[in-house]
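Here's the structure we're looking at; comments come further down.
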Amino acid sequence: MDFSWTDEQLAYKRAVIEFATRELNDGLIDRDRQGELCLENWKKCAQFGIQGLPIPEEYGGSGADILTTMLIMEGLGYGCRDNGLIFAINAQLLSVQMPILTFGTEEQKQKYLPAMCSGYMIGAHGMSEPDSGSDAYSLHTHAERCRGGYILSGTKTFVTNAPIADMALVFATVDPAKGMWGVTAFLVDQETPGFTISRDIDKMGLRTSPMAELIFQDCFIPAENRLGPEGIGAKIFNSSMEWERSCILASHLGAMERQLDTCVTYARERKQFGQSISKFQSVANRIVDMKLRLETARLLLYKVAWLKMAGKPATMEAALVKLYLSECFVQSGLDAIKVHGGYGYMTEFGIERDLRDAVGGMIYSGTSDIQRNIAARMMGL
Ligand SMILES: Cc1cc2nc3c(=O)[nH]c(=O)nc-3n(C[C@H](O)[C@H](O)[C@H](O)COP(=O)(O)OP(=O)(O)OC[C@H]3O[C@@H](n4cnc5c(N)ncnc54)[C@H](O)[C@@H]3O)c2cc1C
């Protein structure tokens, strides 16, 4: 495996850190408190090229490979403290744009991808339902065939970006008796009659990424809005989950490096008992553990990118990196608070927010238990 970066890639990473640090952090404590996404910052990211990173140039993107995409997401996570904004962008890029790019018709790609890359259209991904989460294919949302298309009925919950979405990629079954082979994907525009978006759902962390329910009541979807053939919804969902497991946490890696740098600086400057707290072995060891987690998680993440670039299967590695990196981010968030003492716990210093944001990573895109199940299955257990 060769993880050496070109000068061009490193310059791109430095540029994204500089852009994110300068443009994306103002007013974050208030936005986090209010649970508000900053649309202006969403558009700034699009102008910088984030929403189009791995999307080919013909659809408005820059056609970056997966390793470069991860590196830039890592830089974004280092410079931008607004984990919710990055999560919301990733939710669109990896689980709406990538499935459309992979499975969409030319018309669907032309309709959605350039508008999303440029930040003028926002997409949401609706799979989870009130009664089906980890067991995603037990979904109840139903698509009944009718003349010219389908009638969609059901409710999707915990949908990131729903309150601001112009469209949603929605999974439904055309035949519950077929189990996962009945699952089919649809692209539903926000103004479609019978489609409504519920109350905002308030949450512990990632508060700047808005969330709501999608409700479909006898909602007519024309056949040309189906994504891929009938019955390949599970394949589409699995493909987007593998993208999410591989890439969505790259920004958290950057956030962990920022936490580490902040802790090193603070531990050197903060004095107790007449010396820097970094001179206390307990504090130094805690920071070394943060460094160890960062470096081991980074190796796992880059290995997944390398495997995918080489066209090799990465199901096991993607599950392991999702599991490991998300749990490392939680532990490092806790350690960063400990290093900062009371200042780490107080909202105004901006340290505690990372921990609240990190907890979601152990749940979305498949919980840690589900990642262990995947790894166990791959080992024949
Ligand atoms: C921040 C955030 C953003 C999200 N965004 C979206 C989105 O945009 N679109 C979307 O569709 N969904 C989204 N979700 C929903 C997410 O995908 C689900 O919450 C997740 O899949 C878990 O489902 P559940 O909440 O129903 O929990 P459940 O599946 O009910 O799980 C409850 C507990 O049981 C455990 N468990 C369940 N089954 C097993 C098993 N087989 N083996 C071992 N343990 C098991 C779980 O690990 C968990 O601890 C989001 C969630 C969060 C937290």
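Ellipsoid semi-axes for the stretch 1-143, based on the Cα gyration tensor and the rule √(5λ), read 26, 21, 16 Å when sorted largest first. Would you kindly calculate the translational diffusion coefficient of the stretch 242-313, applying Stokes-Einstein with the Kirkwood radius from alpha carbon pairs, for 4 °C and a viscosity of 1.567 mPa s, and quote it in µm² s⁻¹ without decimals? It diffuses with D of about 93 µm²/s by this estimate. About the centre of its Cα atoms, the stretch 124-231 shows a dipole size close to 100 debye [charges on the beta carbon of Lys, Arg (+1) and Asp, Glu (-1) only; nearest 20 debye]. Where both bridge residues fall in the chain, DSSP classifies roughly 85% of the beta bridges as antiparallel.
Would you mind getting the Kirkwood hydrodynamic radius of the stretch 124-231 from its Cα pairs, rounded to one decimal in Å? Final number for the Kirkwood radius of the stretch 124-231 is 13.8 Å.
Magnitude of the charge dipole for the stretch 249-378, about its Cα centre and with charges confined to Cβ atoms of Lys, Arg (+1) and Asp, Glu (-1), is about 300 debye. Report summary: the helix-based calculation at 222 nm, which adds -39500 (n - 2.57) for every DSSP H run with n ≥ 4 and divides by the residues of the chain, gives -16500 deg cm²/dmol.
Against the empirical curve 2.2 N^0.38 Å, the C-alpha radius of gyration of the chain lands at a ratio of 1.00.
Averaging Cα coordinates gives a centre for the stretch 238-306 and one for the stretch 317-379; these two points are 11 Å apart.
Pairs from the table (203/322; 303/338; 308/338; 43/203; 271/291) lying more than 28 angstrom apart at Cα are 303/338; 308/338. With the simple model of a label 7 Å out from the Cα in the direction of the Cβ, residue 43 to residue 272 spans 4.7 nm.
Each residue, residue 284 and residue 120, gets one label point 7 Å from its Cα in the Cβ direction; the gap between the two is 5.8 nm.
When the charge dipole of the chain is built from unit charges on Cβ atoms (+1 for Lys and Arg, -1 for Asp and Glu) and taken about the Cα centre, the candidate among 95, 173, 70 whose Cα reaches farthest toward its positive end is 70.
This model, with +1 at the C-beta of Lys and Arg and -1 at the C-beta of Asp and Glu, gives the stretch 7-122 a dipole about its Cα centre of some 200 debye. Distance between the pseudo-spin-label points of residue 191 and residue 363 (7 Å out from Cα toward the beta carbon): 3.5 nm.
Net charge near residue 12: determine it from the other residues with C-beta under 15 Å of the C-beta of residue 12, scoring Lys and Arg +1 and Asp and Glu -1. Around residue 12, the charge tally is -3. In this calculation the C-beta distance from residue 4 to residue 30 is compared with R0 = 56 Å, giving a FRET efficiency of 0.85.
Laboratory data are not the source of any read-out in this text; all were calculated from the coordinates shown. Treat the numbers as computed from the prediction; the structure is a model and nothing was measured. A quick note on method: Cβ atoms are made from the backbone with ideal geometry, for glycine too, and the neighbour counts reach across all protein chains shown.
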